[in-house]
Amino acid sequence: YAITYKRCDAEKLLENTGNSKGKCLTASASLAFKKLTANGLKNNGQIFTGYPVIGYQGKMQTSGSCLYSSRIDTSCAWDPRIKGLFFYESSAIFPASKFGDFIKDVKNLRDINPQNFCGIDNYNGILIRYIKASEAYLGPSEDSIVIDFNYYRANDQFTPRLNQDVWEELEQMAFFKYGAKPHWAKNRNLAFLNVRQKYPKFNAFIDAKNQMDPQNVFSGDWSDEILYGKELVKFDGCALEGMCICSEDRHCSPQKGYLCTHGLVYKEARVCRLLSTSVNTDSL
């Protein structure tokens, strides 16, 4: 509890002061601790004694036990009672054939300024997993690779994030340049733009949905926006929460110095970048 609370306060302070170096220091500490403890893995359900960790999943992985705790000192890091971690999680599903090129672009973006990437190392970095092709209507039609990455989110939806443009570019690179499919429960609204075009069996899914729920009891404006990939009317600050892709400065936070501009590697991306840290991209 105390560690989580202090980490949250530290991250907010570093965000508010624009301290990328500080974020890298906290990221190094977080990664070192996770390596030491194997991020919750246990050998034989007891303690972590080293790799390889082999056995039944229920006896290996115990980091989710906080879900069943009613005590403050053993509650989950994101429990609102302790003013703990507050973050976004984005998740993209790539056809295996496109993943290598995506990673090359990510490395190019990182190499422009590696410190800009420390924000996600405070969590799990870019987490990679694999899924098989599926016949499900909204399943991947071929063997795929999934990435997840978490990043800081302010309590106020109109507060821009440190290195906001980096995560917006990575996000748009994944979903629009490489056509990744979104995880249906882990993304911001913009990840679902034109999502129906990514599923050959999307119409079959809609037919099944209409048959199972003809009166749309389980549907609403928000779910329809996500399911059909519609973009709503843009408003001031909408890009900060991923409610839109910026096309004007007012969609970012011009009063705080964040203006709408293009990506550094994926030029077609439109991102909110802090003016004082803008990069001359003519030579990139």
Can you run phi through the Karplus equation (6.51, -1.76, 1.60; θ = phi - 60°) for region 245-259 and list ³J(HN,Hα) in whole Hz, with x for Gly and Pro? 9, 5, 10, 9, 4, 5, 6, 9, 8, x, 5, 10, x, 9, 10
Can you classify region 118-180 as rounded, prolate or oblate using the Cα gyration tensor, where a ≥ b ≥ c are the square roots of its eigenvalues, rounded means a/c under 1.5, and otherwise it's prolate if a/b beats b/c and oblate if not? prolate
Rg to Rh ratio, the chain, alpha-carbon atoms and Kirkwood radius? 0.97
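Can you send over the carbon and sulfur percentage of the accessible area for the chain, probe radius 1.4 Å, protein chains only?
Values: 8790 of 15880 Å².
Of all accessible area on the chain, carbon and sulfur atoms account for 55 percent.
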State, in angstrom, two size descriptors of region 80-129 derived from its alpha carbons: Rg to one decimal place and Dmax to the nearest whole number. 14.0, 44
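Just want to confirm a number: the relative contact order over the chain, from Cα pairs under 8 angstrom separated by 6+ residues, in percent. Could you put the intermediate results ahead of the total?
Working: 424 pairs, mean separation 45.0, N = 284.
The value is 16 percent.
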Pick from CYS252, CYS272, CYS76: which is most flexible by mean-square fluctuation in a GNM of the chain where alpha carbon atoms under 10 Å apart are linked? CYS76
What is the distance in Å between the Cα centres of region 235-253 and region 5-57? 32
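For the chain, report the accessible area per residue in Å² (1.4 Å probe, heavy atoms, rounded to an integer). List each step's numbers first, then the result.
Values: 15880 Å² over 284 residues.
Spelled out: the 1.4 Å probe surface of the chain, per residue, equals 56 Å².
The values are calculated or read from the model by the stated rules, or taken from the named source; none is laboratory data. Since this is a predicted model, take the numbers as computed values, not measurements. Quick note on the areas: whole protein, heavy atoms, side chains included, nothing else; ligands and nucleic acids left out. Shrake-Rupley method; radii C 1.70, N 1.55, O 1.52, S 1.80 Å.
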